[in-house]
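Q: Here it is: the structure, laid out below.
The values are calculated or read from the model by the stated rules, or taken from the named source; none is laboratory data. Not measured: the values here are computed from a predicted model. A quick note on method: Cβ atoms are made from the backbone with ideal geometry, for glycine too, and the neighbour counts reach across all protein chains shown. To get the accessible areas, we keep the full protein, side chains included, count just its heavy atoms, and leave off ligands, DNA and RNA. Shrake-Rupley method; radii C 1.70, N 1.55, O 1.52, S 1.80 Å.
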Amino acid sequence: MIKSWMVIAAVTFLVAIGGSVIRPRDVKWFRRLRRPSWLTFEPAIPVIWAVVFVCGAWSAYNVWERDPGSSKTWFLMGFYLLLEIVTIVYQPLTLWLRNLTIGTFIGGTGAVLGWILAAVVAPVSATAAALLIPYLIWSPIGTYATWELAKLNPESA
């Protein structure tokens, strides 16, 4: 029998893989951008996102296990999926379009959706809401970094 955590992990992984559809020339463009001097932790960003996604999947699992299969739980699973999709499209859209303003908008949208999800999930499971804290912290930082990149690279804004 397939366990709920397996399905949640698989969906999280598949959606995350979808965000890696980027072209080498787009990565080259991004690497050439001027960066703010405080952005010293850039090499750690993939690890940070990995932690954020693991915590998000674990949060979804906690919600699912509270009331498996109910319409409210399915709604919340859809909300988790929406948040992951919005988060994942940041990289390919920003890079394909070479537009940091779009990246800032997508990042800000994800941050707002993250706070809404946390507020809706908190009454269902305090643990699930707590597991969203890495997203709630990191998403605004990433959005701010993109906004700063746009200011330093107005030709890409």
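Q: Right, Leu136: hydrophobic (A, V, I, L, M, F, W, C) and surrounded by fewer than 20 Cβ atoms within 10 Å (Cβ to Cβ) or not? Step through it out loud before you land on a result.
A: Working: hydrophobic (A, V, I, L, M, F, W, C): yes; surrounded by fewer than 20 Cβ atoms within 10 Å (Cβ to Cβ): yes.
So Leu136 passes the test.
Q: Something else about it: Mind counting the residues in segment 99-126 that are β-branched (Val, Ile, Thr), over 30 Å from Arg34 (Cβ atoms) and surrounded by 15 or more Cβ atoms within 10 Å (Cβ to Cβ)?
A: Here the count works out to 3.
Q: Just a yes or no: is a residue in segment 35-48 in contact with a Leu (Cβ under 7 Å, 6 or more places away or on another chain) and either open to solvent by 70 Å² or more (accessible area, probe 1.4 Å) or touching a residue at least 12 places away in the same chain (Cβ under 8 Å) (or both)?
A: yes
Q: Can you name the residue in segment 49-90 that is more than 10 Å from the chain's Cα centre (by Cα) and among the polar types (S, T, N, Q) and, of all such residues, is surrounded by the fewest Cβ atoms within 10 Å (Cβ to Cβ)?
A: If we take residues in segment 49-90 being more than 10 Å from the chain's Cα centre (by Cα) and among the polar types (S, T, N, Q), then Ser71 is surrounded by the fewest Cβ atoms within 10 Å (Cβ to Cβ).
Q: Out of segment 21-34, which residues are open to solvent by 70 Å² or more (accessible area, probe 1.4 Å) and outside any helix (DSSP H, G or I)?
A: The answer is Val21, Arg23, Arg34.
Q: A further question on this structure: If I ask for residues that are part of a helix (DSSP H, G or I) and small (Gly, Ala, Ser), which ones from segment 111-139 would you list?
A: Ala111, Gly114, Ala118, Ala119, Ala126, Ala128, Ala129, Ala130, Ser139
Q: Another question, then. In segment 55-93, how many residues are without any contact (Cβ under 8 Å) to a residue 60 or more places away in the chain and assigned to a loop (DSSP other than H, G, I, E, B)?
A: Summing the residues that are without any contact (Cβ under 8 Å) to a residue 60 or more places away in the chain and assigned to a loop (DSSP other than H, G, I, E, B) in segment 55-93 gives 3.
Q: Do we have Trp96 as part of a helix (DSSP H, G or I), in contact (Cβ under 8 Å) with a residue 60 or more places away in the chain and open to solvent by 60 Å² or more (accessible area, probe 1.4 Å) here?
A: yes
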